[in-house]
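Since every read-out is calculated from the coordinates, none of them should be taken as a lab result. Source: prediction; values computed, not measured. All Cβ positions, glycine included, derive from the backbone under ideal geometry; neighbour counts span all protein chains shown.
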Amino acid sequence: MNNIVTLQADKINKRFHDPVTVHVLKDITFSVYGGEFVSVIGKSGCGKSTLLYILSTMDTDFEGDLFIGGENMRNRTEQQLAHVRNEKIGFVFQFHYLLSEFTVLDNVMLPGLKLGKFPEEHVREQALHKLDQLGIKKLAHKQANQISGGEKQRVSIARALINDPSIIMCDEPTGNLDKVNSQIVFDIFKTLTQEFHQTLLVVTHDPEFADKTDRIIEMEDGRIIKQ
Amino acid sequence: MNVRLIFSIARSLLFARWRQTLVAAVGVTFSITMFIALLGFMTGLNDLLDGLVLNRTAHVRLYNEIKPNEAQPISLSSTYKGSYHFVHSIKSVGSRQRIYNSGAILQALKKDERVTGIAPKISAQVFFNEGSIDITGVVNGIDVYAESQLFYFNDYVTSGNSTDIAIVSNSIILGKGLAEKLLANIGDVVQVTTISQERFPLKVVGIFQSGIQEFDKVQSYASVSTVQKILGEPNNYITDIQIKVADIDQAPSMGREFAKLFNTDAEDIQTANSQFETGSFVRSLISYAVGITLLIVAGFGIYNILNMMIYEKMDSIAILKATGFSGLDVNRIFMVIALSIGLFGGVLGLLFGFLTSLAIDQIPFNTLALPTITTYPVNYSPAFYFIGSTFSIVTTYLAGWAPTRKASKVDPVVIIRGK
Ligand SMILES: Nc1ncnc2c1ncn2[C@@H]1O[C@H](COP(=O)(O)OP(=O)(O)O)[C@@H](O)[C@H]1O
Ligand SMILES: [Mg+2]
């Protein structure tokens, strides 16, 4: 961990208005530093996912300020935000969202090709390298819908890593996995922070998982009660 | 930017659902095929029907109308200038059908670059004598070579040889209906009486069939010199000069110009045959309307299938957006899909349309009225293929517009949360 702020939430408030107004996030203020492995825990329905969608710039309908790499995300166009997601943020969902029309390798490569910073060959090598790191290189040319759940989650981690993002956000990445696979995923995260100083923000409702992270942010009823 | 990436994603999405894609493409193919075949066939028929008349009509015809002189003596008198003339029942006198100075006119026309062909002609009213009955008819004195070249005369001579009238003296080609009335066959001799009661025997060397029965019942053809002989006129006697011009749209103005220059009357093809143009126009309009309706129906097919595809691909769209693809990228991906369907379906449609046209072209079509036609006529104008392909692209673009817009507006949060 270093002292550079990677992500900063400043008094974030979120209300849903359908059909009655519900105040889901209340004055959420916290920072994540470079190389930190932070977990967010809390009961189901306390607003963890909602917060993560805001932090990942996919949800722009909120009050307060969000800084990524020191830059305010307010008043940006949809295209600019897409670029931020592409370049700076890796995302791992609870349900392994892969494009079933593509191979594992293509899935990992797509965000890299979209970024367009490196030629296709280089992106391919990078993707194979990441798959190798996660121990699933042999699956590279399989169709994405022909692999197991644990393997899919590892593929989405590889995809999140392809552009060397400044932060990876995960929404209950082990929520849908058995013990063995959960352990594998956790070990991968641990390696990423310890060896590669990758910043991680992981939402989970598994206290055991959270206990092993650098820092725990605990939420209740839309508020941060402990960090 | 990212063009290759967008195409390769579009391709993967397309092939993942190739059955649907095929159905959409087949819709386009079918409509383009029908469009090409329908227009080719309709235009072929149009050309045929127009050709029946227009091929045999001069673009400009010079002749002398029998009518009272426009400059009556009284109007030449300066004394009565501005007065109202009460002279009634003016008659046409000195009915001169002949074109004066025809030799010089022909010379002048030959030098005119806008003129592509000239054929002189004499029309003579005659009676054909069959036993005790007289049948009225017309003998046209023609230059058979010029007439064949400009008006496809020999196409319509169904038996005998058209050039015989130029070779065999005192010979005639009879219209089919006229020959039947006269019970005349090739080699027979028919009797012709002119208005001035001169009687001539003419040898039948051919029968022609124009496709217009009324015409074939009264018309016959002989050489210019034969008709001059029948009428007892000198060898510069001509009643009509038929002119073909390079640009048919110029015909009316050239007609007016020649009428003034040569002091004759002139009739242009547009004035003489305006009803045929109206007919062809309406027929083309109907064909285009049907063809374009087919394309619009195909457009709705594409619209449906794209909508369905986008509905199924919501997850994929959400992932693409979550990993950094913008709404515009998604829009482009689905537009490429839509246009590929249009392009692929369209190209196949052009091919099948051409094959269908070839097939129609092989179907036998024999009718007594059209001796030169043996199969259904088809027009292979590249314009139909151009319009067909343009329309297939435009229709798919329009059909893809709304679904594509919908795809680009997909909110990834809603999809990811909803799982
Ligand atoms: N689109 C929505 N409209 C209204 N309420 C919503 C909507 N999405 C989520 N919520 C509510 O927001 C609260 C927080 O949801 P969520 O962030 O998914 O919780 P968690 O991820 O911590 O389980 C829940 O009470 C949920 O019902
Ligand atoms: Mg949640």
Would you please give the FRET efficiency between A:Glu220 and A:Asp61, computed as 1/(1 + (r/R0)^6) with r the Cβ-Cβ distance and R0 = 22 Å, to the nearest 0.05?
0.45
Calculate the length of the line joining the C-alpha centroid of region B:314-384 to that of region B:224-260, in whole Å.
49 Å
For B:Leu39, what charge total do you get from the other residues with a beta carbon under 13 Å from its beta carbon, if Lys and Arg give +1 and Asp and Glu give -1?
0
Trypsin sites (Lys or Arg not before Pro) within region A:92-158: DSSP coil, no more than 13 neighbouring Cβ in 10 Å
A:Lys117
Could you give the semi-axes, largest first, of the ellipsoid that matches the protein assembly as shown, computed as the square roots of 5 times the alpha carbon gyration tensor eigenvalues and rounded to whole Å?
92, 27, 19
Between B:Leu261 and B:Glu113, with labels modelled 7 Å along Cα→Cβ, what's the label distance in nm to one decimal, could you check?
1.4 nm
Computed Kirkwood radius, in angstrom, where 1/r is averaged over Cα pairs of region B:22-154:
21.1 Å
Out of region B:1-91, which trypsin sites (Lys or Arg not before Pro) are coil in DSSP terms and have no more than 12 other C-beta atoms within 10 Å?
B:Lys81, B:Lys91
Using just the C-alpha positions of region B:78-201 as equal point scatterers, what log10 of I(q)/I(0) does the Debye formula give at each q in 0.13, 0.19 1/Å?
-0.73, -1.17
For all pairs of alpha-carbon atoms in region B:356-418, what percent lies in each bin of width 5 Å, listed from the first bin to the last filled one?
4, 13, 11, 11, 9, 9, 8, 7, 6, 5, 5, 4, 3, 2, 2, 0
On the first, second and third principal axes, largest extent first, how far apart are the outermost C-alpha atoms of chain A in Å?
47, 41, 39
Within region B:15-29, backbone nitrogen closer than 14 Å to the virtual label 7 Å beyond the Cα of A:Asn145 toward Cβ:
B:15-20
Starting from the Cα of A:Val5, step 7 Å along the direction of its Cβ; do the same at B:Val168; then give the gap between the two resulting points in nm.
11.3 nm
Virtual spin-label span in nm between A:Phe196 and B:Met314, 7 Å along Cα→Cβ
3.3 nm
Express in nm, to one decimal, how much length is gained between A:Phe118 and A:Asp206 on full extension, taking 0.36 nm for each residue of separation and deducting their alpha carbon distance.
27.9 nm
Would you mind checking A:Lys142/A:Lys190; A:Lys117/A:Lys142; A:Lys11/A:Lys226; B:Lys111/B:Lys244; A:Lys26/A:Lys212; A:Lys48/B:Lys409 for any pair whose Cα atoms are more than 19 angstrom apart?
A:Lys142/A:Lys190; A:Lys117/A:Lys142; A:Lys26/A:Lys212; A:Lys48/B:Lys409
Working only with C-alpha atoms, what are the Rg and Dmax values of chain B, expressed in angstrom?
33.1, 106
If R₀ is 35 angstrom, what is the calculated FRET efficiency for the pair B:Glu130 and B:Asp361, using the beta carbon separation as r and rounding to 0.05?
0.25
Exposed chymotrypsin sites (Phe, Trp or Tyr not before Pro) being those in a DSSP loop with at most 12 other Cβ atoms within 10 Å, the longest stretch of chain B free of them is B:87-419
Hey, how many Å between the Cα centroid of region B:116-194 and the Cα centroid of region A:26-50?
104 Å
Which Cα, out of B:Ser284, B:Phe258, B:Ile269, lies furthest along the positive dipole direction of the protein assembly as shown (beta carbon charges, K/R +1, D/E -1)?
B:Ser284
Area projected by the alpha carbon convex hull of region B:161-227, averaged over all directions, nm²:
4.4 nm²
Determine the dipole magnitude for chain A: charges of +1 sit on the beta-carbon of Lys and Arg, -1 on that of Asp and Glu, nothing else is charged, the reference point is the Cα centre, and the result goes in debye to the nearest 20.
160 debye
For B:Tyr376, the residues 5 or more places away or on another chain with a placed amide H closer than 5 Å to its own amide H are B:Ile363, B:Phe365
Stretch in chain B that is longest and holds no GluC sites (Glu not before Pro) that DSSP places in a loop and that have at most 12 other beta carbons within 10 Å
B:114-419
